[in-house]
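Read through the structure below, which is laid out as structure tokens, and then see the notes.
The values are calculated or read from the model by the stated rules, or taken from the named source; none is laboratory data. None of these values were measured; they are calculated from a predicted model. For neighbour counting, all protein chains shown are included, and Cβ atoms are generated from backbone atoms with ideal geometry for every residue, glycine included.
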Amino acid sequence: MIKAGIIGATGYAGGELVRLLLAHREVQIKWYGSRSYIDQKYADIYRNMFELVEDVCRDDNIAQLAKEADVIFTATPQGFCASALTQEILAQTKVIDLSADYRIQNVDVYEQWYGIRHGSPQLVPEAVYGLCEINREQIKETRLLANPGCYPTCSILSVYPALKEGLIEASGIIIDAKSGTSGAGRGAKTDNLFCEVNENIKAYGVTSHRHTPEIEEQLSLAAGQPVVLNFTPHLVPMNRGILITAYANLKKEVSYEEVKAVYDRYYGGEKFVRVLEKGVCPQTKWVEGSNYVDVGFAVDTRTGRLIMMGAMDNLVKGAAGQAVQNMNLMFGLPESMGLEWAPVFP
């Protein structure tokens, strides 16, 4: 059995990790870390875990946890993992970080966009960006995994094949994204109150959202040249789900069938990316509670653009599910183990 510890177990992503790992036949959760609820029963915080989890919450002592766990998940705010992680810890255990601390290889860019000093820049070069469908082989060999952000996962997977194969221009890409409120975390914020969110939709982080450089860095690697794009997220009144619509200029005239062949070549063998049929647009309700990403596209011959779309559950494929998928790869397990849940509807 893999002994797992979770720091940040009482946040939304941490709670989803608990739900998924409890059902994983090769994992035993040894540590429910939560700075806010030390010594409180985990099931008193998340009542859905009543009679499922008897443990109490422990602190965020990652050095002690490294002596007890084969893998540590850090579902913590930006800066925690980078400030706490050391070579000594990595010599004892594997770490899957759900924050942005190791996602961006350029530390200066990270510090600029996140407004904090990186606590362990010397570890950044060995971190592997954990987008399984793109970096599968590197993930298998790493001990430090940077779990991708929710918006970047959906955005990159939707755009990647077209950009990688040179169907679209690398400049002028626009990504319009929408997320449910769980993407904003569990902390008490006025903007997330029911009366603020209900019957409302709003853009936020316009020109400044911190997922922008993560998306740009990964798409630049795909394009083989720098990619600078517009990314605009929106908050919508639902619990879960991300929908992205991306717009890019085509390099030449292409048919739907030509684009479909490209996407099928990249994702035809992927368990968790579903390329939809012609005329079918992704919807968040058809991926809720699952690790699936539904992608689709349309060729706009009138404007010479390719419109790419993606939908997924921000807490599963966008966070906890992808972390479990990465863990499976890192420990040589079947990639889909513990994740073969059909989407929930209604």
Do we have Phe73 as of a type in the set (Phe, Trp, Tyr) and more than 24 Å from Leu333 (Cβ to Cβ) here? no
Could you check the range 22-37 and list, in sequence order, the residues that are farther than 14 Å from Ala75 by Cα and assigned to a strand (DSSP E or B)? Val27, Gln28, Ile29, Lys30
If you go through the range 88-115 one residue at a time, how many are of a type outside the set (Lys, Arg), more than 17 Å from the chain's Cα centre (by Cα) and closer than 28 Å to Lys67 by Cβ? 6
I'd like to verify a number: residues in the range 277-319 that are surrounded by 24 or more Cβ atoms within 10 Å (Cβ to Cβ) and either of a type in the set (D, E, K, R) or part of a helix (DSSP H, G or I) (or both), how many? 6
Boolean, Asp176 is part of a strand (DSSP E or B), at pLDDT 95 or above and either within 27 Å of Ala246 (Cβ to Cβ) or of a type in the set (Asp, Glu) (or both): yes
Out of the range 290-317, which residues are within 24 Å of the chain's Cα centre (by Cα) and of a type in the set (Ser, Thr, Tyr)? Ser290, Tyr292
Kindly establish whether Ala261 is over 17 Å from the mean Cα position of the chain (by Cα), within 29 Å of Glu340 (Cα to Cα) and in a strand (DSSP E or B). no
From the list Ile139, Ile104, pick out the single residue that is in contact (Cβ under 8 Å) with a residue 60 or more places away in the chain and touching a Leu at 6+ places or on another chain (Cβ under 6 Å). Ile139
I need the full set of residues from the range 325-346 which are surrounded by 16 or more Cβ atoms within 10 Å (Cβ to Cβ) and of a type in the set (D, E, K, R), in order please. Glu335
Just to verify a result, which residue in the range 179-214, among those that are part of a loop (DSSP other than H, G, I, E, B) and of a type in the set (A, V, I, L, M, F, W, C), is nearest to the chain's Cα centre (by Cα)? Val206
